[in-house]
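I have placed the structure first, in the form of structure tokens, so that the comments after it can refer back to it.
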Amino acid sequence: MYNLINFIVSQFLAETPILIIGILFSIVIFYAVYKGFEVISRISIIFFVINLTLFIIAISGLISEIDISNIKPILEYGLKNPFISSLQICSINLLPVFLLLIFKRNDIIDKEKYNKYLFIYMIICNILLLSFIGVTTLILGNNLISAYQYPEFIVLKKVKLFGFLDRIENVVSIQWILGLFMSLVLTTYYITTTIHHNKKNKKTTISIIIIIILLTSIYAFKNNTIFNYYSYHYYPYITGSLFIIFLIVLIRCFIHKKRIKS
């Protein structure tokens, strides 16, 4: 929530209080979660098509800006730093993977194709992620990436289509806003369905959850420096611990199923 609000304030609405933007998004999140699984799934499909289209437009307009020399010298300090960084990136992106698994099997109409589509979707998302990282590095280089808060947005300012159409970064960057919004919707939906199993007082439950998320996000981080420090130094370990717990549960389930068969 903080990342979403801060990005909009810093790039589009500098004079608008972050609380106002947070409230507006909270209203839309409330509506989507209240309407349930079908509405969320339809919204996510529409957003996925929009984001994929914007991604293709962005990559097409950045090909001419790519400079291989920005990644040289390769492995100047050995394998240790790239290896640690790759683990951090994997850890940071574990939470979105967990969010793909939150839906109940009863909500899924075509259960036979669910695992297949989920696997394909994860492959596409990882390809997009690697493409973002690769193109950003090839255009800016390591030093400039470290200097900017949103290096991807700086890269999008270089998008040029057909030789004359440029400065479309505000349109193309919508894909990040839609992605962060869907993450909030899925998170809120998961929490709601976990602690609330009937339709009675559903509105109250959703409202309380969204208010907690909004206020915690805004007041936990007083500025971008604190948020970035948390994102780089604490968040990877939190999501990494979730992966370890998930792996332990998976192993126990496998052992339990094997015992039952034997």
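Brief remarks on what is shown
- Candidate set: the range 87-111, residues that are open to solvent by 90 Å² or more (accessible area, probe 1.4 Å) and modelled with pLDDT under 70; chosen: the one nearest to residue 231 (Cα to Cα): 104
- Hey, residue 84 at pLDDT 75 or above, of a type in the set (Val, Ile, Thr) and assigned to a helix (DSSP H, G or I) or not: yes
- Qualifying residue in the range 4-14 (condition: out of contact with any Gly (no Cβ under 6 Å at 6 or more places or on another chain), open to solvent by 70 Å² or more (accessible area, probe 1.4 Å), at pLDDT below 80 and farther than 24 Å from residue 210 by Cβ): yes
- Within the range 15-39, the set of residues being in contact with an Asp or Glu (Cβ under 9 Å, 6 or more places away or on another chain) and either within 22 Å of residue 208 (Cβ to Cβ) or of a type in the set (Ser, Thr, Tyr) (or both) comprises 36, 37.
- Boolean, residue 216 is open to solvent by less than 90 Å² (accessible area, probe 1.4 Å), touching a His at 6+ places or on another chain (Cβ under 7 Å) and in a helix (DSSP H, G or I): no
- Within the range 53-67, residues that are part of a helix (DSSP H, G or I) have Cβ atoms under 8 Å from residues that are of a type in the set (Ser, Thr, Tyr) in these pairs: 55/131; 59/131, counting only partners at least 6 apart in sequence or on another chain.
- Extreme residue, farthest from residue 7 (Cα to Cα), among residues of the range 221-262 that are open to solvent by 100 Å² or more (accessible area, probe 1.4 Å) and among the hydroxyl-bearing types (Ser, Thr, Tyr): 262
- Contact map, the range 161-185: first residue assigned to a helix (DSSP H, G or I), second residue modelled with pLDDT under 85 and open to solvent by 70 Å² or more (accessible area, probe 1.4 Å), Cβ cut-off under 6 Å, separation 6 or more or different chains; pairs are 169/157.
- Failed criterion for residue 190 (all others in (1) at pLDDT 80 or above; (2) open to solvent by less than 30 Å² (accessible area, probe 1.4 Å) hold): (2)
- Taking the range 218-262 as the range and being closer than 21 Å to residue 18 by Cβ and of a type in the set (Phe, Trp, Tyr) as the test, the residues that pass are 219, 221, 227, 229, 230, 235.
- Pick from the range 68-81, criterion in a loop (DSSP other than H, G, I, E, B) and open to solvent by less than 100 Å² (accessible area, probe 1.4 Å), ranking: farthest from residue 144 (Cα to Cα): 78
The values are calculated or read from the model by the stated rules, or taken from the named source; none is laboratory data. All of these numbers come straight from a predicted model, not from anything done at the bench. Virtual Cβ from ideal backbone geometry, glycine too; neighbours counted across all protein chains shown. Ligands, DNA and RNA are excluded from the accessible area calculation, which covers all protein heavy atoms including side chains. Shrake-Rupley method; radii C 1.70, N 1.55, O 1.52, S 1.80 Å.
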